[in-house]
Amino acid sequence: MARLQLARRTERLKSSLVRDILAAAVQPGMISFAGGLPAADLMPALPLAATADAGLYQYGSSEGEPAFREAVAGWIGETGLKVSPDQVLALAGSQQGLDFAAKLLIDEGTPVLCEAPSYVAALQVFELFGAKILGVPLSADGPDLAAFEARLREDRPRAVYLIPCFQNPSGACYSMDARRAVAALLDRYDTLLIEDEPYRSVALDVDQPMTPICALLERAPWIYLGSFSKILWPGWRMGYLAAHPALMPHLVRLKQAADLHTQRPGQMAVAHWLGSEGRAADLDGLRSGYRLRRDAMQTALQRHFGDIADWTVPRGGLFFWLRLRGELEATRAVLDQALAQGVAFMPGEAFFAEPELGRQCLRLNYSRSTPEEMERGLALLARCLHEHALA
Ligand code: PMP
């Protein structure tokens, strides 16, 4: 074959540890805490009748179906972020919004500030376009504000990427104080915010308001990303963004250049569900199912990891984030041994632009295992960690 001549940016498309693990995790018999798949058995049936109109199978508009944009503007409004339908763009999953944000904002060497740890596929796309990823340490209720301000002041990032509700991977959920403080700093340093919220609706026990930071900004520009993947079937690839009006024309052109428009039947099904009477009951059912699984994982973790790790019980989202104590490390060697014994997990290093920061961390998904699998899988995993510490 002739030599492949590829764009220089492909050199930055690293082979992903995550892909390798997910491939191993689907082997028959594997107990997998690795992926982030929502629980299919808890999802409501999609209103397929809403997709029956043959007219929907013709090309549509790049911005999205008017009914979808209208319904989504209302859905976003319920969070406290008031947007008009003109500010909504239908996406093929919120991942597409991350791709657009990267194309819109990142040149070679552009500094982008992210939480450390952060969402792997966001880091991946930002790096593909040449971003210099800067990290800010994160605790259970928000970022380290002194470090955040120092980064804004000293490094002048062009954009800040945050996941303030039930963060992937850490489960962190920003307090209102943290949200206000972050918004004030972004305004002060005039820095664009990309706020990503796929887990907002997977709220299990929340006793505080979770106003989007975008709603608290007075001058800084913003892009707000949302998704139906965690509540209404990820295979439909239904996501959306809302943005500051000045950014919308650019984002619509990026949508045209990427895929012309998002599939129309899915938009109509989602719009129908958003307007349906059963919506609140569907979400309640989903949350109760997740709550039971989250609690089962917590019980099994206390038994097998209580002496060797620290964690905060997640109040939403799909993950537990563990920090190992003492000399214990969740290295690639531990992962290989765990996979050989039939348990998959996600090593912390995958979630950091500087992987060594994650050596003592691991992410565990709780939404897809039975209590019995949790018991067995966590016992095996704890044993692998101990054996490696002794070796
Ligand atoms: N952002 C975050 C933080 C995520 O965890 C995910 C999915 N794992 C996405 C975006 C993308 O979701 P989707 O494209 O399915 O909407």
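No lab work stands behind these numbers, since they all come straight from the coordinates. The structure displayed is predicted, hence computed values, not measured ones. Neighbour counts are summed over all protein chains in view; Cβ atoms, including those assigned to glycine, are modelled from backbone coordinates with ideal geometry.
For a straight C-alpha distance cut-off of 18 angstrom, the aspartates and glutamates reachable from Lys132 (same-chain residues fewer than eight places away being disregarded) are Glu11, Asp99, Asp107, Glu108, Glu115, Glu149, Glu154, Asp155, Glu349, Glu354, Glu356. Convex hull volume of the C-alpha atoms in the stretch 147-243, normalised per residue: 105 Å³.
Within the stretch 83-139, list the GluC sites (Glu not before Pro) lying in a DSSP loop whose Cβ has at most 13 other Cβ atoms in a 10 Å radius. Taking the stretch 83-139 and a limit of 13 other Cβ atoms within 10 Å, the loop GluC sites (Glu not before Pro) found are Glu108. The Stokes-Einstein estimate for the stretch 188-256, based on a Kirkwood radius over Cα pairs and taken at 20 °C with 1.002 mPa s viscosity, is a diffusion coefficient of 156 µm²/s. Our Cα-only numbers for the stretch 246-391 put the radius of gyration and Dmax at 20.4, 58 Å. Label reach from Glu327 (point 7 Å along Cα→C-beta): in the stretch 369-387, amide nitrogens under 19 Å belong to 382-387. Phi angles of the stretch 224-233 translate, via the Karplus equation with coefficients 6.51, -1.76, 1.60 and θ = phi - 60°, into HN-Hα couplings of 10, 10, x, 8, 9, 4, 8, 10, 10, 6 Hz per residue; Gly and Pro are given as x. The value obtained for the chain, namely the Cα convex hull volume divided by the number of residues, is 163 Å³ per residue. Computed extension length for Glu108-Thr299: 64.1 nm, one decimal, from 0.36 nm per residue of separation with the Cα-Cα distance subtracted. Which angle from 0 to 90°, rounded to the nearest 10, does the C-alpha axis of helix 145-155 make with the longest principal axis of the chain? Helix 145-155 sits at roughly 60 degrees to that axis.
Of all DSSP bridge pairs formed entirely within the chain, close to 55 percent run antiparallel. The slack between Gln341 and Ala7, meaning 0.36 nm per residue of separation minus the straight C-alpha distance, is 116.2 nm. For a distance above 17 Å, tell me the whole-number percent of Cα pairs in the stretch 342-385 that qualify. That tail contains 38 percent of the Cα-Cα pairs. What the Kirkwood sum gives for the stretch 307-391 is a hydrodynamic radius of 13.2 Å, with every pair of different alpha carbons counted. Between Ala184 and Ser61, the contour length at 0.36 nm per residue exceeds the Cα-Cα span by 40.7 nm. In a simple Cβ point-charge model (Lys, Arg +1; Asp, Glu -1; nothing else charged), the chain has a dipole of about 580 debye relative to its Cα centre. Shape index of the stretch 1-54: Rg/Rh, with Rg the Cα radius of gyration and Rh the Kirkwood radius from the inverse mean 1/r over Cα pairs, equals 1.22. Amide H contacts of Thr312: Trp321, each under 5 Å away and 5 or more positions distant or on a separate chain (H built 1.01 Å from N in the peptide plane; Pro and chain starts excluded).
Normalised by 2.2 N^0.38 Å, where N counts its residues, the alpha-carbon radius of gyration of the stretch 1-142 equals 1.37. Under 5 Å from the amide H of Trp222 lie the amide H atoms of Leu193, His244, each residue being 5 or more positions distant or on a separate chain, with H modelled from the backbone and absent for Pro and chain starts.
The value of relative contact order for the chain, using C-alpha pairs under 8 Å at least six residues apart, is 24 percent.
Couplings for the stretch 27-42, taken from phi via the Karplus curve 6.51 cos²θ - 1.76 cosθ + 1.60 with θ = phi - 60°, read 4, x, x, 6, 8, 10, 9, 7, x, x, 5, x, 7, 4, 5, 9 Hz in order; Gly and Pro are left as x. Seen against the Cα atoms of the chain and their longest principal axis, helix 264-274 is set at about 80 degrees.
Averaging the Cα positions of each part gives two centres, and for the stretch 191-214 and the stretch 322-377 these lie 26 Å apart. Note that the stretch 100-171 shows a convex hull volume over its alpha carbon atoms of 72 Å³ per residue.
Residues in the stretch 358-365 carry Karplus couplings, in order, of x, 4, 9, 10, 8, 10, 10, 8 Hz; the curve used is 6.51 cos²θ - 1.76 cosθ + 1.60 with θ = phi - 60°, and Gly or Pro positions show x.
Radius of gyration (Cα atoms) of the stretch 71-214, expressed as a multiple of 2.2 N^0.38 Å: 1.01. When the charge dipole of the chain is built from unit charges on Cβ atoms (+1 for Lys and Arg, -1 for Asp and Glu) and taken about the Cα centre, the candidate among Leu98, Ser61, Met374 whose Cα reaches farthest toward its positive end is Ser61.
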